[in-house]
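Peer 1: The structure follows.
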Amino acid sequence: MHNTAGGHPAHLQHHFSDSEQQASASKLGMWLFLLTEMLLFGGLFAAYSIYRAWNPEMFYEAHKQLNVQLGMINTIVLITSSVTMALAIRSIQLNKRKIAVRFLIATLLFAAVFLVIKYFEYSHKFHLGQLPGKYYTFTGLQGANPHIFFSIYFMMTGLHGIHVIGGMGLIGWMLSRTTRNHFSPEYYTPLEMTGLYWHLVDLIWIFLFPLLYLIG
Amino acid sequence: MSNHTGTHAPHILPMQLYLGVGAALLFLTVVTVVVAQIPLGGWNLVVALTIASIKALLVASFFMHLYYDHKLYFIIFAIGVLTLSVFIVLTMFDTLERGAVYDIKARPINPKAAMYDKPSFQGQGAAVHGDTTKAGGFAAPIDSGTTKHDSAGQAKPSGH
């Protein structure tokens, strides 16, 4: 189980003194990356705050064009996918590889459901001309500058959607590596890092949903 | 001294904990949707952000293991939250109070954009018509002098 070669596990890089140090270094790097991700989305949250403060009525009217049911279903789907991701890692910690594979497949499926729902939301808005900036052609909203809301909506959900697609790629990769028996209770760092990334994607959606769909 | 079995400082959390946190997150999702239907004025945003922050804390603490991990990772996370708060709050001080210092004239990025020829933009005072070629002639739809007061209750920074 240890894949030992000269007393060292196979996963241990020579520049680390032990597995624990290697895992902590990976996690530190991952958290620094997640910090940059928070700041990346933070720019968009700042833009949202500024334009909502300037156009409170417009934001309120424009947000009614979003489908709360679909947004809520997507929130539930993404939270559930976070649970299955956490359980996949737990299964590897307990050396239950087959169960981990099933949880990873479930996570991948929930991510796909999220994107399918997002696709229907987007295509509906494309059809109505509720598009960002100068592409906005919808005539059903009164008041100045409704296109600003849809610019922000598409940029925030779009950047988030790109992260979901990237996450699916990572989860698919981890799924493949898990089936190829790359992970064990001694070494599952890549799976753990993928989990951290996936939970951050979930965390960002937790803020996007009320800010875009539930403007009171 | 290489301890092969205890290498990953494993904090294997019980299944019930993950399911419980998941259930709490789903419950809070329903709560936030229900509360949003009740008109509370500026408090709607406060309630929505409070619930979102609780959910974020649950995800970070248990799914991302920050509650059990070395403090360093939590500090990095906290630095992110703090930086964003400072960034957004200071930006809001500027953009909301600018009107008190000088007259703001918002300008379209591209005054000749096809958008301004659309019927939805006619007669709103926000439109720049096709014959206007200079951005300087644009009348501001954003008059922060008047919107400042209305938006005071809703202009909370979005936090994270």
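Throughout, read-outs are computed from the coordinates displayed, never taken from laboratory work. The model shown is predicted, which means the values in this text are computed figures rather than measured ones. Cβ placement follows ideal geometry from the backbone for every residue including glycine, while neighbour counts extend to all protein chains displayed.
Peer 1: If the limit is 23 Å between Cα atoms, which of A:K27/A:K118; A:K134/B:K105; A:K64/A:K134 go over it?
Peer 2: A:K27/A:K118
Peer 1: Can you tell me the dipole magnitude for the stretch A:19-213 around its Cα centre, using point charges on the Cβ only (Lys, Arg +1; Asp, Glu -1), in Debye to the nearest 20?
Peer 2: Dipole about the Cα centre, nearest 20: 520 debye.
Peer 1: Tell me, what is the percent relative contact order of chain A, built from C-alpha pairs under 8 Å that lie six or more residues apart?
Peer 2: 29
Peer 1: What is the distance in Å between the Cα centres of the stretch A:21-42 and the stretch B:20-47?
Peer 2: 29
Peer 1: Which of these, A:F33, A:F103, A:F114, has the largest mean-square fluctuation under a Gaussian network model of chain A (Cα springs below 10 Å)?
Peer 2: In the Gaussian network model the winner is A:F33.
Peer 1: Also, quick follow-up: Give me the one-decimal nm value for the distance between modelled label points at B:L82 and A:I162, 7 Å along each residue's Cα-to-Cβ direction.
Peer 2: It is 3.0 nm.
Peer 1: For chain A, set up a Gaussian network in which alpha carbons nearer than 10 Å are linked by springs, and say which option among A:T139, A:T157, A:T107 fluctuates the most.
Peer 2: A:T139
Peer 1: Now a separate question. Within a 10 angstrom radius of each residue's Cβ in A:126-134, how many Cβ atoms of other chains show up on average? Whole number is fine.
Peer 2: Mean partner-chain Cβ count within 10 Å for A:126-134: 2.
Peer 1: With a 10 Å cut-off between alpha carbons and a GNM built on chain A, which of A:G129, A:G161, A:G143 moves the most?
Peer 2: A:G143
Peer 1: Which angle between 0 and 90 degrees, to the nearest 10, do you get for helix A:19-54 versus the longest principal axis of chain A when only C-alpha atoms count?
Peer 2: Helix A:19-54 sits at roughly 0 degrees to that axis.
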